[in-house]
Amino acid sequence: MSVIQTPNGYSLDNRGQRVVVDPVTRIEGHMRCEVNVDADNIIRNAVSTGTMWRGLEVILKGRDPRDAWAFVQRICGVCTGTHALTSVRAVEDALKISIPDNANSIRNIMQLSLQIHDHLVHFYHLHALDWVNPVNALKADPKATSALQIATGPNHPKSSPGYFRDVQNRLKKFVESGQLGPFKNGYWTNPAYLLPPEADLMAVTHYLEALDFQKEIMTTRTIFGGKDTHPNWLVGGVPCAINMDGELAAGAPINMERLNYVAGVIDRTIDFVENVYIPDIIAIGSFYKGWLYGGGLSGKSVLAYGDIPDRANDYSPKNLMMPSGAIINGNLKEVLPVDLRDPDQVQEFVPHSWYSYPDEKKGLHPWDGITEPNYKLGAKTIGTSTNIQQLDESAKYSWIKAPRWRGHAMEVGPLARYVVGYAQGHPEIKDQVDKTLAALGVPLEALFSTLGRTAARALEAQWSAHKQKYFFKKLIANIKAGDSSTANTEKFDPRTWPKEVKGVGFTEAPRGALAHWIRIKDTRIDNYQCVVPTTWNGSPRDNEGNIGAFEASLMNTKVERAEEPVEILRTIHSFDPCLACSTHVMGPDGEELAVVKVR
Amino acid sequence: MPEAPPRVLILGIGNVMWADEGFGVRAVEELHRHFEFPDGVRLLDGGTQGIYLVQYIREADILVVFDAVDYGLPPGTLKLVEGDEVPKFLGVKKISLHQTGFQEVLAMAEMLGDYPRHLLLIGVQPVELDDYGGSLRPQVKAQIAPALAAALQFLDGFGIRGQSRAAPLPVEATISTSETTMGHYEDGRPDEEVALRIGDARLLTDGRWSGPGDFEAEIERILATSGRGA
């Protein structure tokens with residue numbers, strides 16, 4: 001066996017050099033990636049694996065469903081609020097609890113705030129260094145950088161040559177002290193970096209500005225959620241009370257002063273995204289528009305559940321402002337409806353995952369999901385069970401299950417949402433995408449790439465920033481009309497609950513479609529299954545042999561140097577992977593360099 | 001002109017759901033429950049947040065961190081690390097879910113021109129991490145009180161006094177989320193038959209995680225090979 005055709009259209013060839021990247025750094029959680037490259041350094045086989053076991057579901061079994069949100073938001077450090085929101089929605093769905101209008105507006109503002117925050121921090125602090133070379137920035141002429149800033153982001157006030165010279169000097173001091181800090185572990189001599197020095201300096205400067213600015217975005221969630229750094233959520237609404245004339249004090253309700261503060265943050269966020277983030281994407285994109293690898297499943301099979309309900313308690317697609325639907329087999333003319341309750345739509349498979357099912361030929365709908373670990377390596381594994389040198393992808397090889405939609409491997413995330421929205425003719429999304437393509441002078445096909453994924457994230461941050469404003473106005477109007485209700489506690493008492501119920505809650509997390517399925521029995525959690533975005537994107541092969549989104553995105557990419565996998569990191573990072581909740585993380589993590597082995 | 005009192009951040013980091021990895025958060029919860037501090041002292045449950053913590057660090061002149069740390073010492077050992085050793089150490093053998101190591105977060109604060117003048121890491125060597133949904137082991141839990149005493153003593157050196165509260169704060173007043181406070185967390189745990197607690201075979205065999213054999217030598221090596229200490 002050496003060449004395999006997958007049903008989803010890939011030709012996998014596992015001859016040639018095997019390159020192992022373990023762990024993939026600058027992501028949340030543990031992930032390992034193995035690829036085979038041919039004589040021309042082109043990736044011909046890709047294997048992505050979550051290397052640690054996931055224990056989330058078992059922690060929740062038997063607990064009070066009203067507390068589940070607090071546990072799920074501890075799963076990782078980045079999706080906190082999104083998991084919490086998904087969880088309260090699942091419980092509300094199971095118990096048929098409706099929430100007040102104000103709670104819907106506040107939840108949307110918090111969710112959008114997290115969306116923007118995550119996208120911004122992901123781009124500048126976890127992903128930019130796959131495109132930007134900070135060492136090269138030291139060679140930049142501050143005057144040329146200033147000219148570039150004025151040409152690309154004319155409305156950003158920080159643009160003088162002196163400003164860029166100061167930043168460059170700070171950077172120089174940092175590098176000369178031998179302490180590269182966040183910039184260490186880079187492949188700074190690799191020809192895969194294409195920016196001229198002044199673009200590198202501009203981007204590194206914005207890296208620092210974004211690091212400073214991101215703190216403001218978080219304050220919105222702290223105000224409505226009441227606590228740093230883990231906001232409070234509530235089944236039935238939101239935990240904050242509204243009293244417009246109230247005093248400002250710790251634990252005090254939401255008052256006019258706090259709302260004014262939120263209004264200011266929303267405006268400054270729009271400014272930053274539109275005058276810094278979007279221009280940077282266009283500037284960087286213009287140097288990389290010839291590097292259009294990494295599309296993977298994005299032009300073929302994409303999935304979005306939708307989110308941001310306009311009116312409270314209506315989760316139907318027409319009321320969701322973020323697009324929902326599925327596209328399969330590259331047919332962009334047809335967006336199929338998605339029903340998370342239908343046992344035939346979302347199913348998880350385990351023939352290549354370290355779990356057992358009674359019958360592994362079949363997938364299981366999450367309401368009937370089983371999480372039974374079974375760590376077993378294939379016969380062709382090289383190494384030992386405690387020290388794997390090369391995985392055998394023909395057998396079980398990942399702690400991530402393989403979710404499929406009607407049997408199809410799907411990509412989720414900002415690009416999936418934007419492809420679905422574009423296919424549906426969503427006017428705001430279409431406008432944003434068309435403008436970006438025009439600015440870069442590239443055709444629509446360019447969207448289906450690593451660069452497209454990174455651009456879609458930025459466009460979505462912009463969209464989200466404006467929608468925050470929409471819901472803020474809606475909230476204020478509703479309060480002024482005399483409605484200050486934020487929670488419905490009618491069914492908070494478990495004695496009012498039926499003996500056995502089930503529900504599903506969904507959101508669009510920053511990194512993609514997220515849903516929690518819950519079964520409640522005798523007022524306790526009987527079964528809790530999360531299918532998280534990185535489970536979709538990072539999934540291993542299924543029983544038909546379809547490869548998942550990460551694997552597909554790496555296929556046929558040319559790598560400049562096999563021992564410096566910049567291209568692999570660039571594409572995997574473009575998904576904003578979060579392995580913490582898709583797998584369980586345990587063991588030594590640290591700042592160890594990614595070990596790259598070429599064999 | 002009298003100098004403004006230093007701003008203090010007391011930070012607990014880690015994940016409460018992986019047994020002893022929750023030490024940092026539990027310690028700061030307990031400190032808040034039993035002691036009150038003058039203005040300018042912030043106690044924070046940092047959980048597993050990475051970059052999102054950078055602003056709190058930038059605002060601090062004095063930083064105290066509680067965490068479960070792999071010192072390669074006998075399980076349950078409490079060890080204090082001060083000053084320049086703190087980031088060096090945190091960046092090395094860190095057991096965490098943090099998207100960015102805490103060392104990187106400190107480096108980011110420094111790049112922005114704000115770095116705490118005084119740092120103290122109060123770490124405990126974990127006994128058990130591989131217990132999903134589990135709480136602190138008795139040896140680690142027993143180190144909470146000495147850890148709090150160490151923090152109080154350190155701050156006392158700067159003239160900052162934590163006062164014992166007349167009565168401990170109720171659960172609802174926790175700085176963390178009340179749904180996950182230690183008592184509630186431990187009481188609500190399902191039986192082992194219902195919810196499997198163990199995991200990855202690679203960690204359960206001889207090859208399981210372990211710390212450096214000799215902590216002092218490891219620190220020496222790190223200091224010798226990195227910019228700041230050299």
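The values are calculated or read from the model by the stated rules, or taken from the named source; none is laboratory data. All values derive from a computational prediction rather than experimental measurement. Here Cβ is always computed from backbone atoms with ideal geometry, including for glycine, and neighbour counts include all displayed protein chains.
Residue count for the stretch A:317-333 satisfying the condition of being without any contact (Cβ under 8 Å) to a residue 24 or more places away in the chain and surrounded by fewer than 19 Cβ atoms within 10 Å (Cβ to Cβ): 4.
Of the residues making up the stretch B:115-144, those that are assigned to a helix (DSSP H, G or I) and within 15 Å of residue B:24 (Cβ to Cβ) are B:140, B:141, B:144. Annotation: of all residues in the stretch B:101-148 being of a type in the set (Phe, Trp, Tyr) and surrounded by fewer than 23 Cβ atoms within 10 Å (Cβ to Cβ), the one that is nearest to the other protein chains (Cβ to nearest Cβ) is B:132. Exactly one residue out of B:62, B:10 is at pLDDT 90 or above and surrounded by 24 or more Cβ atoms within 10 Å (Cβ to Cβ), and it is B:10. Taking the criterion of being in a loop (DSSP other than H, G, I, E, B) and among the aromatic types (Phe, Trp, Tyr), the only residue of the stretch B:145-181 that qualifies is B:158. Residues of the stretch A:570-592 that are more than 15 Å from the chain's Cα centre (by Cα) and modelled with pLDDT of 85 or more: none at all. So, residue A:492, is that one touching a residue at least 24 places away in the same chain (Cβ under 8 Å), surrounded by fewer than 24 Cβ atoms within 10 Å (Cβ to Cβ) and among the aromatic types (Phe, Trp, Tyr) or not? It is true that residue A:492 is touching a residue at least 24 places away in the same chain (Cβ under 8 Å), surrounded by fewer than 24 Cβ atoms within 10 Å (Cβ to Cβ) and among the aromatic types (Phe, Trp, Tyr).
Selection of first residues in the stretch B:38-55 that are more than 12 Å from residue B:7 (Cβ to Cβ) and β-branched (Val, Ile, Thr) and of second residues that are assigned to a strand (DSSP E or B) and at pLDDT below 80, restricted to Cβ pairs under 9 Å at least 6 apart or on distinct chains, gives the following pairs, ordered by first then second residue: B:48/A:28. Within the stretch B:41-59, the residues that satisfy the criterion of being more than 7 Å from chain A (Cβ to nearest Cβ) and either modelled with pLDDT of 95 or more or assigned to a strand (DSSP E or B) (or both) are B:41, B:42, B:43. Examine the stretch A:420-433 for a residue that is touching a residue at least 40 places away in the same chain (Cβ under 8 Å) and more than 23 Å from the chain's Cα centre (by Cα), and state whether such a residue exists. Within the stretch A:420-433 (the criterion being touching a residue at least 40 places away in the same chain (Cβ under 8 Å) and more than 23 Å from the chain's Cα centre (by Cα)), the answer is no, since none of the residues qualifies.
For every residue, the table says whether it meets (1) in contact with a helix residue (DSSP H, G or I) (Cβ under 7 Å, 6 or more places away or on another chain); (2) under 22 Å from residue B:176 (Cα atoms).
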{"position": "A:215", "(1), (2)": "yes, yes"}
{"position": "A:222", "(1), (2)": "no, yes"}
{"position": "A:260", "(1), (2)": "no, no"}
{"position": "A:274", "(1), (2)": "yes, no"}
{"position": "A:282", "(1), (2)": "yes, no"}
{"position": "A:294", "(1), (2)": "yes, no"}
{"position": "A:300", "(1), (2)": "no, no"}
{"position": "A:305", "(1), (2)": "no, no"}
{"position": "A:312", "(1), (2)": "yes, no"}
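Evaluate the stretch A:370-380: report whether one residue or more is buried (at least 18 other Cβ atoms within 10 Å of the Cβ), under 26 Å from residue A:15 (Cβ atoms) and modelled with pLDDT under 90. Yes; the residues of the stretch A:370-380 include at least one that is buried (at least 18 other Cβ atoms within 10 Å of the Cβ), under 26 Å from residue A:15 (Cβ atoms) and modelled with pLDDT under 90. Of all residues in the stretch A:168-182 being in a helix (DSSP H, G or I) and modelled with pLDDT under 75, which is nearest to the other protein chains (Cβ to nearest Cβ)? It comes out as A:181.
Do we find that residue A:210 is modelled with pLDDT of 95 or more, within 14 Å of chain B (Cβ to nearest Cβ) and under 25 Å from residue B:47 (Cβ atoms) in this structure?
Judged against the criteria, residue A:210 is a match.
If you go through the stretch B:13-39 and keep only what is part of a strand (DSSP E or B) and crowded, with 24+ Cβ neighbours inside 10 Å, you end up with B:13, B:18.
The rows are residues; the columns are (1) closer than 18 Å to residue A:222 by Cβ; (2) away from every other protein chain (no Cβ under 14 Å); (3) of a type in the set (S, T, N, Q); (4) surrounded by fewer than 20 Cβ atoms within 10 Å (Cβ to Cβ).
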{"residue": "A:108", "(1), (2), (3), (4)": "yes, yes, yes, no"}
{"residue": "A:134", "(1), (2), (3), (4)": "no, no, no, no"}
{"residue": "A:149", "(1), (2), (3), (4)": "no, yes, yes, no"}
{"residue": "A:156", "(1), (2), (3), (4)": "no, yes, no, yes"}
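Whether a residue is under 30 Å from the mean Cα position of the chain (by Cα) and part of a loop (DSSP other than H, G, I, E, B) was assessed, and residue A:136 does not pass this test. Among the residues of the stretch B:70-90, none qualifies, meaning not one is modelled with pLDDT of 90 or more, assigned to a strand (DSSP E or B) and either facing chain A (nearest Cβ under 9 Å) or crowded, with 24+ Cβ neighbours inside 10 Å (or both).
Flag not set for residue A:266, criterion: surrounded by 21 or more Cβ atoms within 10 Å (Cβ to Cβ), within 17 Å of residue A:574 (Cα to Cα) and either in contact with a Pro (Cβ under 9 Å, 6 or more places away or on another chain) or modelled with pLDDT of 95 or more (or both).
Do we find a residue being more than 25 Å from the chain's Cα centre (by Cα) and free of Cβ contacts under 8 Å to residues at least 40 places away in the same chain anywhere in the stretch A:438-452? Looking for residues that are more than 25 Å from the chain's Cα centre (by Cα) and free of Cβ contacts under 8 Å to residues at least 40 places away in the same chain, one finds at least one in the stretch A:438-452, hence yes. For the stretch A:302-343, the set of residues classified as assigned to a loop (DSSP other than H, G, I, E, B), under 15 Å from residue A:504 (Cα atoms) and not small (Gly, Ala, Ser) consists of A:305, A:313, A:314, A:315, A:338, A:339, A:340, A:341, A:342, A:343, listed by residue number.
A single member of A:391, A:336 is more than 26 Å from residue A:81 (Cα to Cα), aliphatic (A, V, I, L, M) and within 14 Å of another protein chain (Cβ to nearest Cβ), and it is A:391.
When the helices (runs of 4 or more DSSP H) confined to the stretch A:27-100 are screened for residues that are more than 18 Å from residue A:535 (Cα to Cα) and at pLDDT below 90, those reaching at least 2 such residues are found at A:56-60, A:68-72.
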